[in-house]
1. Let me make sure I get this right: for the stretch 237-290, a, b and c are the square roots of the gyration tensor eigenvalues over alpha carbons, sorted descending. Under 1.5 in a/c it's rounded, otherwise prolate if a/b > b/c, else oblate. Which is it?
2. Going by a ≥ b ≥ c, the root eigenvalues of the Cα gyration tensor, does the stretch 28-145 fall in the rounded group (a/c under 1.5), the prolate group (a/b larger than b/c) or the oblate group?
3. I need the calculated FRET efficiency for the pair residue 166 and residue 217, taking r as the beta carbon distance and R₀ as 51 Å, to the nearest 0.05.
4. With an 8 Å Cα cut-off and a minimum separation of 6 or more residues, compute the relative contact order for the chain in percent.
5. If I fit a long axis through the Cα atoms of helix 143-152 and take the longest principal axis of the Cα atoms of the chain, what angle between them do I get, 0 to 90°, rounded to 10?
6. What's the ranking of 285-293, 123-131 by average number of surrounding C-beta atoms within 10 Å, highest first?
7. For the pair residue 89 and residue 25, how long in nm is the line joining their label points, each one 7 Å along Cα→Cβ?
8. With the Cα gyration tensor of the chain giving a ≥ b ≥ c as the square roots of its eigenvalues, does the rule (a/c under 1.5 for rounded; else a/b larger than b/c for prolate; else oblate) give rounded, prolate or oblate?
């Protein structure tokens, strides 16, 4: 009598089996990536995420940095109500910061674009000039640069000495409430190297054929700039505008050095971030300072959203065919 051969049951085919096999392999393949990312993830958690959540909690408390955190007294929305209704220094700092950003940022971008247009031409030593114009941006918002700037614009500084050569009586620029903020703006405008380099990179991407065709049609320099350079450069302008606007609202170091940490003279340089510092680390009102920080974060986010929403009306992107 013939006995049929014994066959093995077929391997299971279904969602469970599919999940077990490829999923396990995928996890093994991803493990080295997670290990390499772990220092960054730990840093993000310990240095950014946890302090942000803690500051959000402190913004609803009455707390100073000298007492244990467990003794922070919950006050609800009191810090926010005080900020918007009963603290005149807060609104003064807002006005100073908005004035600074509205004037310094456009002038800085205009200076960066103008110099980029000049340095986009091929002439002897252009690389040296690019490096020299970029050099101030390497120093960024350093304390040393702010100290040098203050020494240049005080009553006996180099700027007044230069004016004296032309018979002009200078002023104590950094100590005069009429000119102190303008001195900070000039320092910010002078550091146009970073956006200048980005503009240079954008100008290199503008096809030369467009300028040649416009010249054949009789277009002058201004028409070529207005109808070719600006539209083709609009994504780069938008990028620089967003970055420099955020940077302008975050100005701190130069205002701190110029005013010795007080926002003077007569609160003329009381930037928002400097006012936040004074409340948190001078007056030790960390709960109120935390509330100021969160309002500042939301305001910067709202400004960025507005820039992106309005950018679609004037920013022109080339399609895949290059039209």
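Every read-out reported here was derived from the displayed coordinates using simple, explicitly stated rules and does not represent laboratory data. From a predicted model like this one, the values you see are computed outputs, not experimental measurements. When we count neighbours, we look across all protein chains shown, and the Cβ atoms used for this are built from the backbone with ideal geometry, even at glycine.
1. Oblate, since a/c reaches 1.5 and b/c is not below a/b.
2. It is oblate, given that a/c is not under 1.5 and a/b is not larger than b/c.
3. 0.65
4. Relative contact order for the chain comes out at 26 percent.
5. Tilt relative to the chain: about 20 degrees.
6. Per-residue Cβ counts within 10 Å, averaged per peptide and sorted highest first, yield 285-293, 123-131.
7. Modelled inter-label distance: 6.5 nm.
8. Oblate is the answer for the chain, as a/c is 1.5 or above yet b/c matches or exceeds a/b.
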